[in-house]
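Data first, discussion second: the structure below is written as structure tokens.
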Amino acid sequence: MPLEIVRNDITKMQVDAIVNTANPKPIVGGGVDRAIHKAAGTELLSARKKIGDIATGKAEVTPAFGLHAKFVIHTVGPVWQDGEHGERELLASCYANSLQLAADNGCVSIAFPLISAGGFGCPSEVAIAVATQAIREFLVDHDMDVYLVVFDQKAFKISSSLFDDVQSFIDERYIEELLDEEYRGDYRERRRIFEAPSYLGDEAPVAEAPDLPMFKPAKKKRSLEDLLAEVDDTFSETLLRLIDAKGKTDPEVYKKANVDRKLFSKIRNNPAYKPSKATALAFAVALELNLDETRDFIGRAGYALSHSSKADIIVEYFIQRSEYDIFTINETLFAFQQPLLGC
């Protein structure tokens, strides 16, 4: 997918470019900088010295040497003071300049650490918001796979108010699901109690169960031809029809869904294409479907929303509030350790 948040060691990412949170001076700093230099080998420092000082917000490129990448892009993040000294703007420049440098060097994939969120003191929720906004703006006009690499899940934090609100929403729906399960279990138990044991024969008395539902006789079997005549549009056909109906362009929708052009091309050219559930939900978000429309839409790919799934409940949370920002949804999914939407 164009933007993916992953938990990994950035030195092990197999991408065209790895971004280093560099020291402004041509020396090896701590944290990510030290880890990247260690993995790349001593040649990286020699190349870094040829560049000299790097100003905050700027970016420079060197070969990657011992890393699983072609390039290392060195950028200097701002030290967080109070947010009133241009820190956000400088941080956004780190991402924008690094992305442009990667594009200029023919890169199709790039991995970022969460710049300035470590020893430089930028609050995690601010660092994430700035990163995703800068990356989003770049991806409007560029095709590139961008990875935001988080080494420690605990270091990734969305706003506490959003986290708490989503957690409450999840808890409520889990309770509903548990109550439903308990009711169904109780119903099955009552059926067992009130039904006459088979070994007593047809004349055995049966205790009356007042709340049991009426069962209708089975309907006459229908032919395969009858059933096939009622088949709805496929997922692919429905997607293309909705794009036209909403007056949107293909790139506008697949970019908003955090899906790359190649996958969208497969979907467009194959009416029988079955996407993953994450991709189906991503397009539902991009098309800004309501909850009933989303259920119908993903149902055409064979999926359903379930209150047994935290990921589904989180997506439902945003759809019910008509909040269709795929990046915010994915940040929240990642914070709750759930799979992201997109391809």
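Laid out as a table, the results:
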item: Residues satisfying the stated conditions in the stretch 91-144, i.e. of a type in the set (Ser, Thr, Tyr) and either touching a Phe, Trp or Tyr at 6+ places or on another chain (Cβ under 8 Å) or over 15 Å from Val79 (Cα atoms) (or both); result: Tyr95, Ser98, Ser109, Ser116, Ser124, Thr132
item: Residue match in the stretch 63-74 (condition: in contact with a Cys (Cβ under 8 Å, 6 or more places away or on another chain) and at pLDDT below 95); result: no
item: The stretch 86-133: number of residues that are assigned to a helix (DSSP H, G or I) and either under 17 Å from the mean Cα position of the chain (by Cα) or under 19 Å from Phe151 (Cβ atoms) (or both); result: 14
item: Qualifying positions in the stretch 1-23 - loosely packed, with under 15 Cβ neighbours inside 10 Å and either part of a loop (DSSP other than H, G, I, E, B) or in contact with a strand residue (DSSP E or B) (Cβ under 6 Å, 6 or more places away or on another chain) (or both); result: Val6, Arg7, Asn8, Asp9, Gln14
item: Tally of residues being at pLDDT 80 or above and assigned to a helix (DSSP H, G or I) across the stretch 140-172; result: 11
item: Sole exception among (1) over 13 Å from Pro113 (Cβ atoms); (2) assigned to a loop (DSSP other than H, G, I, E, B) for His37, by number; result: (2)
item: Pair list, Cβ under 6 Å, 6 or more apart: the stretch 11-40 residue outside the structural domain of His68 (by TED's automatic domain parsing) and over 18 Å from Cys94 (Cβ atoms), other residue surrounded by fewer than 13 Cβ atoms within 10 Å (Cβ to Cβ) and at pLDDT 95 or above; result: none
item: When residues of the stretch 321-330 are limited to those that are touching a helix residue (DSSP H, G or I) at 6+ places or on another chain (Cβ under 6 Å) and not aromatic (Phe, Trp, Tyr), the one nearest to Glu125 (Cα to Cα); result: Ile329
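Matching residues to (1) assigned by TED's automatic domain parsing to the domain that holds Val146; (2) at pLDDT below 95; (3) touching a strand residue (DSSP E or B) at 6+ places or on another chain (Cβ under 8 Å):
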position	(1), (2), (3)
Leu239	no, yes, no
Pro271	no, yes, no
Lys274	no, yes, no
Leu281	no, no, no
Ala286	no, no, no
Glu331	no, yes, yes
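The values are calculated or read from the model by the stated rules, or taken from the named source; none is laboratory data. In this text, all values refer to a predicted model and were calculated from it rather than measured experimentally. Heads up, the Cβs are rebuilt from the backbone with ideal geometry, glycines too, and the neighbour counts pull from every protein chain shown.
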